[in-house]
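Beneath this line is the structure, given in C-alpha cells, with notes to follow.
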Amino acid sequence: MIVTRFHKWCGFILVLLLCFERSTNGKENKKGIREVEIDKRSSTTVLYTVEVTTADVAWAGTNADVFIQIFGENSNTSTVRLTKSGTNLFERGHDDKFVFVDQAVKGRLTKVGIKRNDEGLWDDWKLDIVTVKPGGSYVYKFAFNEWIPANKWIYSYGG
Ligand SMILES: [Ca+2]
Ligand SMILES: [Ca+2]
C-alpha cells in the first residue's frame, strides 16, 4: 500500500515537473524565435552596390563572366556573378554598376576577390578598381590595376 502510494506521488511530482519544464522551454523558444527574426531583417542580408571599373588601355575590355566575393573580418559573402542583361559589360574605360542582396559581412571589409572565366573573344581583362558599398555603410575601394587571368581568384586588400 505505502509503496504504491509513494509511486503515485512520485508520478504526480514528475508530471508537474515535466509541465513546468515544458512551459519554461516554450517561453525561451518564443523569445529565441523573435530574436532570430529581428536578426534576419536587420543584419543577415544586405544590399550591396558594386562598381567595377575596367582599365583604359588597349584590349582591356572582356566579354568573360565575372564573379565577386566580398570578405569581412570574420565572414564573407557567397560567390556572386556580376551580370546585367542587355549591356556589354567590362569594356575599356567603363564603369559597370551592380546591385545584389547577399549575406551581411560583419565589421569592416578586408578584401575583395574577383574571378573571370575565358568566355568570349579577347577575354583578357585589365581591371582597374572595384568599389563596394554594403547597404547603409561606407564605400570601400579595392584597387586592382592588373590583368585578371582566367579561372583564378585575384584579391585586393584595399586602395
Ligand atoms: Ca564586354
Ligand atoms: Ca580584352
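Look through region 98-143, keep the residues that are more than 16 Å from ligand 1 (Cβ to nearest atom) and of a type in the set (Phe, Trp, Tyr), and return whichever of them is farthest from Gly72 (Cα to Cα).
Phe100
Which of the residues spanning region 66-106 are of a type in the set (Ser, Thr, Tyr) and closer than 17 Å to Val132 by Cβ?
Narrowing region 66-106 to residues of a type in the set (Ser, Thr, Tyr): 75, 77-79, 83, 85, 87.
Residues satisfying the conditions are Ser75, Thr77, Ser78, Thr79, Thr83.
Quick check on region 57-113: of everything there that is within 16 Å of ligand 2 (Cβ to nearest atom) and of a type in the set (A, V, I, L, M, F, W, C), which residue is farthest from the chain's Cα centre (by Cα)?
By that ranking, first place goes to Ala58.
Given (1) away from ligand 2 (no atom under 16 Å from the Cβ); (2) crowded, with 16+ Cβ neighbours inside 10 Å, identify the lone condition not met by Asp128.
(1)
If Val139 meets every condition in (1) surrounded by fewer than 14 Cβ atoms within 10 Å (Cβ to Cβ); (2) more than 18 Å from the chain's Cα centre (by Cα) apart from one, which number is that one?
Unmet condition: (2).
Considering only region 101-109, I want to know if a residue exists there that is within 17 Å of Glu51 (Cα to Cα), buried (at least 16 other Cβ atoms within 10 Å of the Cβ) and touching a Gly at 6+ places or on another chain (Cβ under 7 Å).
There is at least one residue in region 101-109 that is within 17 Å of Glu51 (Cα to Cα), buried (at least 16 other Cβ atoms within 10 Å of the Cβ) and touching a Gly at 6+ places or on another chain (Cβ under 7 Å).
Filter region 114-125 down to the residues that are within 23 Å of the chain's Cα centre (by Cα) and among the charged types (D, E, K, R), then identify the one that is nearest to ligand 2 (Cβ to nearest atom).
Just the residues of region 114-125 that are within 23 Å of the chain's Cα centre (by Cα), to begin with: 114-117.
Those left that are additionally among the charged types (D, E, K, R): 115-116.
Details: Lys115: 16, Arg116: 10 Å.
The extreme case among them is Arg116.
Every number in this text was worked out from the coordinates using simple rules, so none of it is lab data. Because the structure is a prediction, the values reported are computed rather than measured. Quick reminder, even Gly has a Cβ in these numbers, built from the backbone with ideal geometry, and neighbours come from all protein chains shown.
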